[in-house]
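The values are calculated or read from the model by the stated rules, or taken from the named source; none is laboratory data. Predicted, not measured: the structure shown is a model, and the values here were computed from it. Positions of Cβ are generated from backbone atoms using ideal geometry, with glycine treated the same way; all protein chains shown enter the neighbour counts.
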Amino acid sequence: MVRLGPLSLPPAAAGTLCCLVSLFGYSMANVCMRRLSGLNCVSSWAVCNKELIAVVAVGPWLLWQAWRRRSGFPTGRPLAILIAAGLATELIGNMGVQWGYKIVGLAVMIPAYTGFMLVATMVLGGILLGEHVSVRNLAVVGLMILAVGLLGAGAAQAAPTTIEKPPVSPALIAAAIAAACAAGMVFSLLGIAIRHCVTGTTSHSAVVVIITGMGVLTLGPLSFFNAGAAKLMAASGEQYALMFAAGICNLIAFLALVRGLQLTTVLHVNMINAGQVAIAAVAGVLIFGENCNRWLVLGVGLMIVGIFAFGSSRTSHGERAAVAFRRSVGVPPA
């Protein structure tokens, strides 16, 4: 049994509960970040301040644990893995998504990167872990690719109403969809990296501080270099309130995600978090006035069908061999 506050649950149930908390936390953070893009907030500054909340909130606790010699801070290869994952997450994943909000909106961006994240998780599981890929999951991959194409076809009509005329060019829409796919790949790798580290001796707080700290260390200076101090300091109270709200929701979601990855598989975690697709589609249309059209509805619908059609990967001889190899070289199983 696993203790989660006052609850004592089986590992699978506890992992699922953590994933559900992560799902709603990230969904609320996405809504705040989408609103910031509509207010023309500097993207790198918005992401930096969102990540800063986690560093400020968890950093002192990590230092206190370090003083007591119980920090669980990684060294060597695990540290290098988390730093690389953090840099990719912030510079490619979060920045790509934030930029894409301005081009295609919430209702397109979230389904696009979520679908590709699931596909990437399955493919990487087969390559890195030797997991068996079923015929059904291969069919689902094709369905996801079709759904992404439909989302791209409907993106021009579903583009945010705040975008000035002339209409967004097809090339820019294609770039936004490509950014979503790249973000999905990066988020998939992030989940695998976290899973690998937290099943060893690395603490949850260390993972949170390292990943979000990469955003603060890189995007903070980048914001001052590109936009200048005057423009950043001119941000409104509403913008900072949204950054704070996004940061709090992101922190809660991230902590729940890390705990969920410790208790269950990466694919299971990503499957539940894929529920963001439905929430984003509804929020994009109802809250932000993103136009709803048949291509968007069909694309989101196929994405949801694909999410529920995904099956769990079965353990194969290749996976058992991979686990045996990791143990032989002293690497904890992913």
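Tally the residues that are within 20 Å of VAL208 (Cα to Cα) and either touching a Phe, Trp or Tyr at 6+ places or on another chain (Cβ under 6 Å) or modelled with pLDDT of 80 or more (or both), restricting the search to the stretch 265-301. Looking only at that region, the number is 0.
The residues of the stretch 239-262 that are of a type outside the set (Gly, Ala, Ser) and within 16 Å of LEU190 (Cα to Cα), listed by number, are ASN250, LEU251, PHE254, LEU255, LEU257, VAL258, ARG259, LEU261, GLN262.
Considering the stretch 231-264, and only residues there that are within 15 Å of ILE211 (Cα to Cα) and among the β-branched types (Val, Ile, Thr), the residue that is surrounded by the fewest Cβ atoms within 10 Å (Cβ to Cβ) turns out to be ILE252.
Being crowded, with 21+ Cβ neighbours inside 10 Å and either under 19 Å from CYS249 (Cα atoms) or modelled with pLDDT of 90 or more (or both) narrows it down to one residue among VAL104, VAL97, VAL108, VAL119; which is it?
Working: VAL104 fails: either under 19 Å from CYS249 (Cα atoms) or modelled with pLDDT of 90 or more (or both); VAL108 fails: either under 19 Å from CYS249 (Cα atoms) or modelled with pLDDT of 90 or more (or both); VAL119 fails: either under 19 Å from CYS249 (Cα atoms) or modelled with pLDDT of 90 or more (or both).
Going through VAL104, VAL97, VAL108, VAL119 in turn, just one is crowded, with 21+ Cβ neighbours inside 10 Å and either under 19 Å from CYS249 (Cα atoms) or modelled with pLDDT of 90 or more (or both): VAL97.
Pairs are defined by a Cβ separation below 6 Å, a sequence spacing of at least 6 or placement on different chains, a first member in the stretch 30-49 that is hydroxyl-bearing (Ser, Thr, Tyr), and a second member that is part of a helix (DSSP H, G or I) and surrounded by fewer than 22 Cβ atoms within 10 Å (Cβ to Cβ); the pairs so defined are SER37/LYS102; SER43/TRP99; SER44/LEU222; SER44/SER223.
Checking each residue in the stretch 265-293 for being more than 17 Å from the chain's Cα centre (by Cα) and not charged (D, E, K, R) picks out VAL282, ALA283, GLY284, VAL285, LEU286, ILE287, PHE288, GLY289, ASN291, CYS292, ASN293.
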